[in-house]
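Reviewing the structure listed below.
The values are calculated or read from the model by the stated rules, or taken from the named source; none is laboratory data. As the structure is a prediction and not an experimental result, all values here were calculated from the model. Cβ atoms come from the backbone with ideal geometry, glycine included; neighbour counts cover every protein chain shown. Each accessible area value is taken on the protein alone, full model and side chains, heavy atoms only, with ligands, DNA and RNA left out. Shrake-Rupley method; radii C 1.70, N 1.55, O 1.52, S 1.80 Å.
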Amino acid sequence: MQLLKQTLDAIQPADRVAMAAAQREIDYCLKPPGSLGKLESIARQIAGITGQVHNAIKQKAIVVMMADNGVYGEGVAMYPQDVTRIGADFVTSGRMGVNFLARAAKADILAVDIGIQVDVDLPKVIKRKIRHGTANFLREPAMSREEAIRAIEVGIEVTLAAIDQGYDLIGTGEIGIGNTTASSAVLYAFTGASIDRVVGRGAGLTDEALERKKNVIKQAVQLHRPDPDDPIDVLSKVGGLDIAGLAGTYLACAARRVPVVTDGLISNVAALTAMRLKPTAVEYMIPSHLSFEPGAKLLREITGLEPMLDMDMRLGEGTGCALMFPIIEAALRMIEEMGTFAILGKSRDEIGDHVMAYRGKFPR
């Protein structure tokens, strides 16, 4: 608990002075104000994260948390639970969906066994197992409160180690059969929203299995009554180890002022969990894509994280992060490489006054 507390205490708001200075540089680029849209927002946000106007990404990594979920036993998943173990093998040997996208983005994969149901002896897997999968939360709490805290702290430790190794842009991914059920249960416990707004088909459930999944989630939340004002209580009762680990990744990035990219449903439920632990952490998150899962739209409303891409994807693994990485790097190049109004003999102050007048007439 000490590491979690220290991390939460270290998280400070983004640097508004640096953001204003970055906006001044963006507006001095030779273009109409705001014409590069979300690229401008990204460059401004990263200036606030790092406290510097001029930024460049040196090393990128996607932290992939891998864990099994005991609720699998209720028939809520399409694939056998062995797929998580196989996923650990494939992701570390370069054969998962996220791998080809990460290679295109020149990003590394940091694969963490935080709760696979069997022991995995693979050299590239970071072995930080809390337990061999969660319990079936329809029958008993998914994990103890202490295990939930330990899982968050594993995410913090793995991410801090990555940052110390020089990674300055982090993505979040997961592999785990049954984890859309756990993430939907966490979202349902936090919000109490209509179950149809929260629960989707995951990896391709039949109509019958989808109804079973909805009923399992409703019954589990009614049974355990997780406190929506206590994120650790929610995690321990109906969550997953991968969700907890990724929440730790978000908190570590915020504490160390490193941008972190969200992925799909599970990743964004972890982001919501981190925000509930420390609201300021959201200022360090960059959303990637809008998952095809229905809960993704609800998360967008709650978190305010507006996805940059809409690709009808629902694979997870950090695939959206890999797609987003080059866009982030392109945004940072704007300030460094784009021509400015200096070519017209205009100063930054003159352009700044013009932009302010423009925005007064056409507010965004």
Residue 276 versus (1) surrounded by fewer than 24 Cβ atoms within 10 Å (Cβ to Cβ); (2) over 24 Å from residue 222 (Cβ atoms); (3) touching a Phe, Trp or Tyr at 6+ places or on another chain (Cβ under 9 Å): which is the lone unmet condition? (2)
Tell me, please, whether a residue that is surrounded by 15 or more Cβ atoms within 10 Å (Cβ to Cβ), touching a Ser or Thr at 6+ places or on another chain (Cβ under 6 Å) and either among the hydrophobic types (A, V, I, L, M, F, W, C) or closer than 17 Å to residue 155 by Cβ (or both) can be found in the stretch 88-99. yes
Pick from the stretch 66-87 the residues that are open to solvent by less than 40 Å² (accessible area, probe 1.4 Å) and of a type in the set (Asp, Glu): which of them is nearest to residue 105 (Cα to Cα)? 68
Among the numbered criteria (1) touching a residue at least 60 places away in the same chain (Cβ under 8 Å); (2) in a loop (DSSP other than H, G, I, E, B), which single criterion is violated by residue 94? (1)
Could you name every one of the helices (runs of 4 or more DSSP H) located completely within the stretch 161-260 that has at least 3 residues being surrounded by fewer than 24 Cβ atoms within 10 Å (Cβ to Cβ)? 195-198, 207-224
Within the stretch 100-119, considering residues that are open to solvent by less than 30 Å² (accessible area, probe 1.4 Å) and β-branched (Val, Ile, Thr), the one nearest to residue 244 (Cα to Cα): 114
Just wondering, is there one or more residues in the stretch 50-60 that are closer than 30 Å to residue 236 by Cα, part of a helix (DSSP H, G or I) and not hydrophobic (A, V, I, L, M, F, W, C)? no
When restricted to 30, 8, the only residue under 19 Å from residue 349 (Cβ atoms) and open to solvent by 20 Å² or more (accessible area, probe 1.4 Å) is 30
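Answer yes if at least one residue in the stretch 328-351 is over 16 Å from the mean Cα position of the chain (by Cα), among the aromatic types (Phe, Trp, Tyr) and in a helix (DSSP H, G or I), and no otherwise. Please lay out each step first, then the result.
In the first step, residues of the stretch 328-351 are kept if they are over 16 Å from the mean Cα position of the chain (by Cα); the result is 329-351.
Add one more test, that the residue is among the aromatic types (Phe, Trp, Tyr), and what stays is 341.
Narrowing the set further to residues that are in a helix (DSSP H, G or I) leaves 341.
Yes, the stretch 328-351 contains at least one residue that is over 16 Å from the mean Cα position of the chain (by Cα), among the aromatic types (Phe, Trp, Tyr) and in a helix (DSSP H, G or I).
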What is the one condition in (1) within 21 Å of the chain's Cα centre (by Cα); (2) surrounded by fewer than 17 Cβ atoms within 10 Å (Cβ to Cβ); (3) not in a loop (DSSP other than H, G, I, E, B) that residue 63 does not satisfy? (2)
So, first residue over 16 Å from residue 263 (Cα atoms) and touching a residue at least 60 places away in the same chain (Cβ under 8 Å) in the stretch 168-188, second residue in a helix (DSSP H, G or I) and acidic (Asp, Glu), Cβ within less than 7 Å, six or more apart or across chains; the pairs are none
If I filter the stretch 120-129 for residues that are of a type outside the set (Ser, Thr, Tyr) and buried (at least 24 other Cβ atoms within 10 Å of the Cβ), do I get at least one hit? no
Note on the stretch 1-38: residues within 19 Å of the chain's Cα centre (by Cα) and outside any loop (DSSP other than H, G, I, E, B) are 4, 7, 8, 38
